[in-house]
Amino acid sequence: SKAEVMLNMIIFHDSGYRYQKHFYLEKVRKAPTPSGSDVVSYSRFFGLEKEVAVPLALLQEDTFGKMHKHKFVNSTSLRICRNQRIYIHKIFRGVVKRGKYSMGCFYGFKLHLICNERGEVLNFMITRSDAEDVEFEIQVFVKFIYGKLVGDMGYANRNLFQRLFVDGILLILKLKSNMRGTLMSISDKQLLRKRAIIESLNDKLKNIA
């Protein structure tokens, strides 16, 4: 059933397995069923995954965290393949291009995340890797966000700051050496030190889940 397919997909991300195929063949296929019948093959399960995309998206919205006074925003790379395999890789060909981030170039997408002080995800969005952090659809991404939003220098853009300020969102970024005449309160500087929360969240999503 669709509920069983969704359950297996969710449990896989907390199982410690790196590949879903190994998890399905070793844990799901070998597990005894109440009726004693065999479960579907992995190829059939792979086809059933496409039918639960919308229910999973609706479930994701129900699992978002609660809104807090302070929020954190950051983007991270979603690499499709190694740079050496770009020219022979067929998946998403014509859709994605090379992008840049702090560790160099990569081929894939960018994941934008907003979380609260507890590390709970409030919203997320995926964009192309060649798009700058300030070019995403801000109206949809911060639809229910208010108060202070702490980000990295990838979101340093005057137009973005003004658009968010009109919507009741104060964007807090680390000041550059060339930003003369700009003042920052001590409380905002302390918030910048808490950005490790969303960095840890990105690391857990990419390396554990």
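Taking Glu49 as the residue in question, decide whether it is out of contact with any Pro (no Cβ under 7 Å at 6 or more places or on another chain) and either open to solvent by 50 Å² or more (accessible area, probe 1.4 Å) or within 30 Å of Phe161 (Cβ to Cβ) (or both).
Working: out of contact with any Pro (no Cβ under 7 Å at 6 or more places or on another chain): yes; either open to solvent by 50 Å² or more (accessible area, probe 1.4 Å) or within 30 Å of Phe161 (Cβ to Cβ) (or both): no.
Considered against the rule, which asks whether it is out of contact with any Pro (no Cβ under 7 Å at 6 or more places or on another chain) and either open to solvent by 50 Å² or more (accessible area, probe 1.4 Å) or within 30 Å of Phe161 (Cβ to Cβ) (or both), Glu49 comes out as no.
Contact list please: Cβ distance under 8 Å, first residue in the range 89-112 and β-branched (Val, Ile, Thr), second residue open to solvent by 30 Å² or more (accessible area, probe 1.4 Å), pairs at least six apart or on different chains.
Listed pairs, sorted by first residue: Ile91/Ile80; Val95/Arg128; Val96/Ile80; Val96/Phe109; Val96/Arg128; Val96/Asp130.
State whether one or more residues within the range 104-111 are out of contact with any Lys or Arg (no Cβ under 6 Å at 6 or more places or on another chain) and under 24 Å from Leu192 (Cβ atoms). Reasoning before the result, please.
Kept after step one, since they are out of contact with any Lys or Arg (no Cβ under 6 Å at 6 or more places or on another chain), are these residues of the range 104-111: 104, 109-111.
After this cut, where a residue has to be under 24 Å from Leu192 (Cβ atoms) as well, the list is 110-111.
Yes, the range 104-111 contains at least one residue that is out of contact with any Lys or Arg (no Cβ under 6 Å at 6 or more places or on another chain) and under 24 Å from Leu192 (Cβ atoms).
If you go through the range 16-31 one residue at a time, how many are outside any loop (DSSP other than H, G, I, E, B) and of a type in the set (Ser, Thr, Tyr)?
Step one: of the range 16-31, the residues outside any loop (DSSP other than H, G, I, E, B) are 20-28.
If we keep only those that are of a type in the set (Ser, Thr, Tyr) too, we end up with 24.
Total meeting the criteria: 1.
What number of residues within the range 89-143 satisfy the criterion of being modelled with pLDDT of 85 or more and open to solvent by 100 Å² or more (accessible area, probe 1.4 Å)?
1
Within the range 58-99, take every residue that is aliphatic (A, V, I, L, M) and more than 20 Å from Asn116 (Cα to Cα) and give me the one that is nearest to the chain's Cα centre (by Cα). Spell out how you get there, then give the answer.
Step one: of the range 58-99, the residues aliphatic (A, V, I, L, M) are 58-59, 67, 73, 78, 80, 86, 88, 91, 95-96.
Those still in the list that are more than 20 Å from Asn116 (Cα to Cα) too: 58, 78, 80, 86, 88, 91, 95-96.
Numbers: Leu58: 16, Leu78: 9, Ile80: 14, Ile86: 23, Ile88: 26, Ile91: 20, Val95: 19, Val96: 17 Å.
Filtering first and then ranking leaves Leu78.
Just checking, how many residues over the range 55-70 are assigned to a helix (DSSP H, G or I) and either of a type in the set (A, V, I, L, M) or open to solvent by 90 Å² or more (accessible area, probe 1.4 Å) (or both)?
So in the range 55-70, the residues assigned to a helix (DSSP H, G or I) come out as 55-62.
Still in the running and either of a type in the set (A, V, I, L, M) or open to solvent by 90 Å² or more (accessible area, probe 1.4 Å) (or both): 56-59, 61-62.
Qualifying residue count for the region: 6.
The values are calculated or read from the model by the stated rules, or taken from the named source; none is laboratory data. The structure presented is a predicted model; accordingly, all values stated were derived computationally and were not measured. Glycine gets a Cβ as well: all are built from the backbone with ideal geometry, and neighbour counts include every protein chain shown. Note: accessible area is taken over every heavy atom of the protein model, side chains too, but ligands, DNA and RNA are not part of it. Shrake-Rupley method; radii C 1.70, N 1.55, O 1.52, S 1.80 Å.
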